[in-house]
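The values are calculated or read from the model by the stated rules, or taken from the named source; none is laboratory data. Predicted model only: the values in this text are computed from it and were never measured. As a convention, Cβ positions derive from the backbone with ideal geometry for all residues, glycine included, and neighbour counts pool all protein chains shown. What goes into the accessible areas is simple: the full protein's heavy atoms, side chains included, and nothing from ligands, DNA or RNA. Shrake-Rupley method; radii C 1.70, N 1.55, O 1.52, S 1.80 Å.
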Amino acid sequence: MSIDYRLDGPSEAPLLVLSNSLGTTFELWQPQMAALAQQYRVLRYNQRGHGATPLPEAPLTLEILGQDVIALLDKLDVERAYFCGISMGGLTGLWLNRYHPQRFHKLAVANTAARIGNEAGWQQRAQQVRQEGLAPIAATSPARWFTEDFQRDQQPLVTALTEQLARGDAAGYAACCEALAQADLRDAVPYMSAPMLVIAGEHDPVTTVADAQWLAANAPNVTLAVLPTSHISNVACPELFNQQVMQFFAV
Ligand SMILES: O=C(O)CC1=CCC(=O)O1
């Protein structure tokens, strides 16, 4: 098991797993760390093909992304944890809630959907990245990730995230696009039995408020929260994000 992860927070506290989105690393969770690591043992890990986590030998699937989390819990000898994931990390959380709900007290899934985009779009993006590298997709990421106001007001932060994407592993990014192309949990949503907070961004063009409302209407145990953000809500609106997640986990 070669998943790149790090642990922060008190060793005796309940474990909280944080799962990153496509084209980011576990550093994406920096705005959450001060708050979450006071109450939780926080496990941040890098999704396959991101940071120092290698791709598997077999073609990447959502099941592999989910099984990585279960393998981490097993490795750390943790029977039950909390989970928070964003976008592809949120979709990983949906898979975990379908296939391993008993391993989680509660899950928070942000800016995600049971089906993100469509197969043709992800295959096209994978092909583009394999041919041209990550620079073109990095150049268009601010418009998918943040509102125009946030891009203007927080330019250094947006540039840092974009440059990190551009420096990433193109094969890893493309493999995740191919996994997303096949990932469709819509039929599985009624069986996601663990309590789940679904966080949507009011201005998110990728995974919309309607996607989150659909999850809330079709999964058995969902609390819905809508934040005044675009796609990367934990960075754009950290105080509200942290408040929603911590309140949900606490009750
Ligand atoms: O397209 C993007 O960059 C946004 C996104 C979709 C899935 C994911 O994890 O990030």
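If the condition is being within 16 Å of the ligand (Cβ to nearest atom), among the charged types (D, E, K, R) and outside any strand (DSSP E or B), then region 1-60 contributes E27, R48. Restricting A194, A175, A225 to those that are more than 16 Å from the ligand (Cβ to nearest atom) and touching a residue at least 60 places away in the same chain (Cβ under 8 Å) reduces the list to A194. Across region 110-158, the qualifying residues are those that are of a type in the set (G, A, S) and assigned to a helix (DSSP H, G or I), and the one among them that is nearest to the ligand (Cβ to nearest atom) is S141. Is it the case that R103 is open to solvent by less than 40 Å² (accessible area, probe 1.4 Å), free of Cβ contacts under 8 Å to residues at least 40 places away in the same chain and of a type in the set (D, E, K, R)? Considered against the rule, which asks whether it is open to solvent by less than 40 Å² (accessible area, probe 1.4 Å), free of Cβ contacts under 8 Å to residues at least 40 places away in the same chain and of a type in the set (D, E, K, R), R103 comes out as yes.
Only one of the listed residues (L73, L65) is assigned to a helix (DSSP H, G or I), open to solvent by less than 10 Å² (accessible area, probe 1.4 Å) and touching an Asp or Glu at 6+ places or on another chain (Cβ under 8 Å). That residue is L73. Screening D187 with (1) free of Cβ contacts under 8 Å to residues at least 24 places away in the same chain; (2) assigned to a loop (DSSP other than H, G, I, E, B) gives one miss only, at (2).
Which of the residues belonging to region 162-171 are out of contact with any helix residue (DSSP H, G or I) (no Cβ under 6 Å at 6 or more places or on another chain) and more than 11 Å from R130 (Cβ to Cβ)? E163, Q164, R167, G168, D169, listed by residue number.
Look at region 109-130: where a residue is over 13 Å from Q182 (Cα atoms) and a partner is β-branched (V, I, T) and more than 12 Å from the ligand (Cβ to nearest atom), sitting 6+ places away or on another chain with Cβ atoms under 6 Å, you get V109/V198; A110/I199. Filtered by the rule that a residue be open to solvent by 20 Å² or more (accessible area, probe 1.4 Å) and either touching a His at 6+ places or on another chain (Cβ under 8 Å) or within 15 Å of A175 (Cβ to Cβ) (or both), region 134-144 gives a lone residue, R144. Number of residues in region 9-51 that are of a type in the set (D, E, K, R) and farther than 25 Å from W95 by Cβ equals 1. Of all residues in region 85-100, those being open to solvent by 10 Å² or more (accessible area, probe 1.4 Å) and touching a Gly at 6+ places or on another chain (Cβ under 8 Å) number 3.
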